[in-house]
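Report on the structure given below.
The values are calculated or read from the model by the stated rules, or taken from the named source; none is laboratory data. What you are looking at is a predicted structure, and each value in this text was computed from that prediction instead of being measured. Quick reminder, even Gly has a Cβ in these numbers, built from the backbone with ideal geometry, and neighbours come from all protein chains shown.
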Amino acid sequence: MRLKIRYEKKGKSLRLFLYNNAFLEYLKSDFELNSRKTFSAKIPQKLIDWKFSKNILRGLFETDGSLYFSHTGKEKIANYPRIEIKTSSKELMKQVFSVLMSREFQPHVRTCKSDNTFGIFVSGKFALEKWVQEIGFNSNKNKTKYEIWKRLGFYIPRSSLSDRQKCLRSEFG
């Protein structure tokens, strides 16, 4: 087994090389994994249960998701939260939608024709708070976005991670 870091325009990624055919076959058969996943990715049926799928949703969000805030009504501040996961796999989109529905998240789906993907999203304060309580965030990037919004009642667009961390450390932020 070998792990390699790939540096690309959009960031870093990890590549795992497996040289043990028995282990590779185990992953393929027991977890329904295949190497060509872009349009056929799915959550293995044995992992659909909430005790597993909430962790899968967190991982999907951290790799292919975003937390962003938009303006509502006449207000000119970004205070309305939305959490979105994008995928090229129709099957994965249906599964994510179904898992979120089963937990009463009220998800929506949009088709993004420009990049041939689906966006599964939940919107609003209630949905964001529910996400934080039931699924959570792994990265400081998303944790600080949430904490800024929680503290100020709005989000500061285009703020860097270090700016958000400084704001959160200050007593006036």
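Tabulated results
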read-out: Checklist (1) in contact with a Ser or Thr (Cβ under 6 Å, 6 or more places away or on another chain); (2) crowded, with 17+ Cβ neighbours inside 10 Å; (3) of a type outside the set (Lys, Arg); (4) in a helix (DSSP H, G or I) applied to residue 62, failing item; value: (2)
read-out: Condition broken by residue 122, with the remaining ones in (1) of a type in the set (Val, Ile, Thr); (2) farther than 28 Å from residue 170 by Cα; (3) without any contact (Cβ under 8 Å) to a residue 40 or more places away in the chain satisfied; value: (3)
read-out: Residues that are touching a residue at least 24 places away in the same chain (Cβ under 8 Å) and in a strand (DSSP E or B), drawn from the stretch 71-90; value: 78, 79, 80, 81, 82, 83, 84, 85, 86, 87
read-out: Selected residue (criterion: farthest from residue 83 (Cα to Cα)) from residues of the stretch 126-143 that are surrounded by 14 or more Cβ atoms within 10 Å (Cβ to Cβ) and among the aromatic types (Phe, Trp, Tyr); value: 137
read-out: Total residues in the stretch 53-67, condition without any contact (Cβ under 8 Å) to a residue 24 or more places away in the chain and in contact with a Lys or Arg (Cβ under 6 Å, 6 or more places away or on another chain); value: 1
read-out: Check on residue 120, buried (at least 17 other Cβ atoms within 10 Å of the Cβ), touching a Gly at 6+ places or on another chain (Cβ under 6 Å) and within 20 Å of residue 48 (Cα to Cα); value: no
read-out: Residue check, residue 161 in contact (Cβ under 8 Å) with a residue 24 or more places away in the chain and surrounded by 12 or more Cβ atoms within 10 Å (Cβ to Cβ); value: no
read-out: In the stretch 126-140, the residues that are over 11 Å from the mean Cα position of the chain (by Cα) and either of a type in the set (Phe, Trp, Tyr) or modelled with pLDDT of 95 or more (or both); value: 126, 127, 128, 129, 130, 132, 133, 134
read-out: Test: residue 94 is within 24 Å of residue 40 (Cα to Cα) and either among the hydroxyl-bearing types (Ser, Thr, Tyr) or not in a strand (DSSP E or B) (or both); value: yes
read-out: Qualifying residue in the stretch 102-112 (condition: outside any helix (DSSP H, G or I) and small (Gly, Ala, Ser)); value: no
read-out: Which listed residue is in contact with a Lys or Arg (Cβ under 9 Å, 6 or more places away or on another chain), in contact (Cβ under 8 Å) with a residue 40 or more places away in the chain, closer than 16 Å to residue 61 by Cα and not basic (Lys, Arg), from 142, 138; value: 138
read-out: Test result for residue 12, more than 24 Å from residue 95 (Cβ to Cβ), in a strand (DSSP E or B) and modelled with pLDDT under 75; value: yes
read-out: Test result for residue 155, modelled with pLDDT of 95 or more, aromatic (Phe, Trp, Tyr) and under 19 Å from the mean Cα position of the chain (by Cα); value: no
